[in-house]
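Some notes on the structure that comes next.
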Amino acid sequence: MDKGTPGDVSDNVLIKILVALAVDVLIEILVALAVDVLIKILVALAVDVLIEILVALAVDVLIEILVVLAVNALIEILMALAVDVLIEIFLFQKMQSVFPAGLKAFWNSHSLIESQKLQNLLEEVTQLRVEISSLKELSQIALEPCVKTDWALKSSGATIDTQRTSQTYDCKESCLCRILRFFWTASPPDTILQELSQIALEPCVKTDWALKSSGASIDTQRTSQTYDCKESCLCRILRFFWTASPPDTILQPNVFPGNCWAFNGHQGQVVIKLPARVYLTAITLQHISKDASPSGTVISAPKDIAVFGVDADREEETLLGEFTYNVEKSPTQTFPLKNMRLPRAFSHVKLLVKSNWGNPWYTCIYRVKVHGKMENQKASTQDQDK
């Protein structure tokens, strides 16, 4: 067998060696390239993962910071509101403890409230006595003979002899009274000489047909809505302790600061259903005085008012009078109606308030009295005269 020459054998061995070396080099190159690529891939992945982790951590930290800040801000706001509410509640309770009649009458002394209650009770008793007496006697009381000449009017020239008149009461010994003197001063002796025209009319207009206890009521369908103070934060808080008075408050004799019916704005109306058909002769409007007012003013009092007679079975309204309630005069003012000259009985009375004394939010009505003679009572009196 031909095994070839030595030169051929050496060539084959050399080729094998070169191929093996080439393969090894190629493998090393490929492995190196693969390792570099793998490292780059792993680095890129690690960087992405690290960035995502850092972003996630940063977002979490930022969220926690924002939550903490929001919670702190909310806590501060709630604490501020709580402090305000606690202060208002504290003041409210303190005022109640200092002024027993409650927040509505906290500027009045206890004696003033008690005397007002006693006066209201006496008015009711007098009212019942007058009604019983009028029903028994069935007599017609004319307005003109009742008006007497009053020579003790300051406007007519009457004065007080201060040398022979007792001194005005001065409450120096009372701490509460000394505080209230910043808001209220004692009336001088000549107060008793002020306009007393309302007292001169009193015997003629005593019968009140607008008393809830006598059967009078409010026609809510034709009466303005009660004032609702939704826009006031303090008022919304106080609504937990005090609610707005309904319209029929004006039909009850309990007159003290805050116990009134309020309607929105400076214009409104109330329609009173009388317990019987009545020949209307006069109307009385009562408000609190400036001295009794918590603010020292009565700008919520009605000013320009019109009175109408209304029948239940028809919408026709008859104007009976227009007048102005003067806050500088007596808190209780009576106004004659022209129905006295044009007799006609009505079952309803409409009180139309055209303006008040300056309050832009609401107007308060404390007490309305309607005076006159019942229809069948007047007819019986006329038959007796014949």
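Between a residue in region 60-86 that is in contact (Cβ under 8 Å) with a residue 60 or more places away in the chain and any residue that is in a helix (DSSP H, G or I), which pairs come within a Cβ distance under 7 Å, given they are 6 or more apart or on different chains?
Val85/Ile237
Could we say that Glu322 is open to solvent by 70 Å² or more (accessible area, probe 1.4 Å), within 24 Å of Thr220 (Cβ to Cβ) and without any contact (Cβ under 8 Å) to a residue 40 or more places away in the chain here?
no
I'd like the full set of residues that are touching a strand residue (DSSP E or B) at 6+ places or on another chain (Cβ under 6 Å) and of a type in the set (S, T, N, Q), limited to region 280-338.
Across region 280-338, the qualifying residues are Thr281, Thr284, Gln286, Ser300, Thr318, Thr324, Thr332, Gln333, Thr334.
Results for (1) buried (at least 22 other Cβ atoms within 10 Å of the Cβ); (2) over 18 Å from the mean Cα position of the chain (by Cα); (3) part of a strand (DSSP E or B), shown as yes or no for each residue.
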| site | (1), (2), (3) |
| --- | --- |
| Asn254 | no, yes, no |
| Arg277 | no, yes, yes |
| Ile283 | yes, yes, yes |
| Lys290 | no, yes, no |
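The values are calculated or read from the model by the stated rules, or taken from the named source; none is laboratory data. It should be emphasised that the depicted structure is a prediction, and the values quoted were computed from it without experimental measurement. Positions of Cβ are backbone-derived with ideal geometry, glycine not excepted, and every protein chain shown enters the neighbour counts. Note: accessible area is taken over every heavy atom of the protein model, side chains too, but ligands, DNA and RNA are not part of it. Shrake-Rupley method; radii C 1.70, N 1.55, O 1.52, S 1.80 Å.
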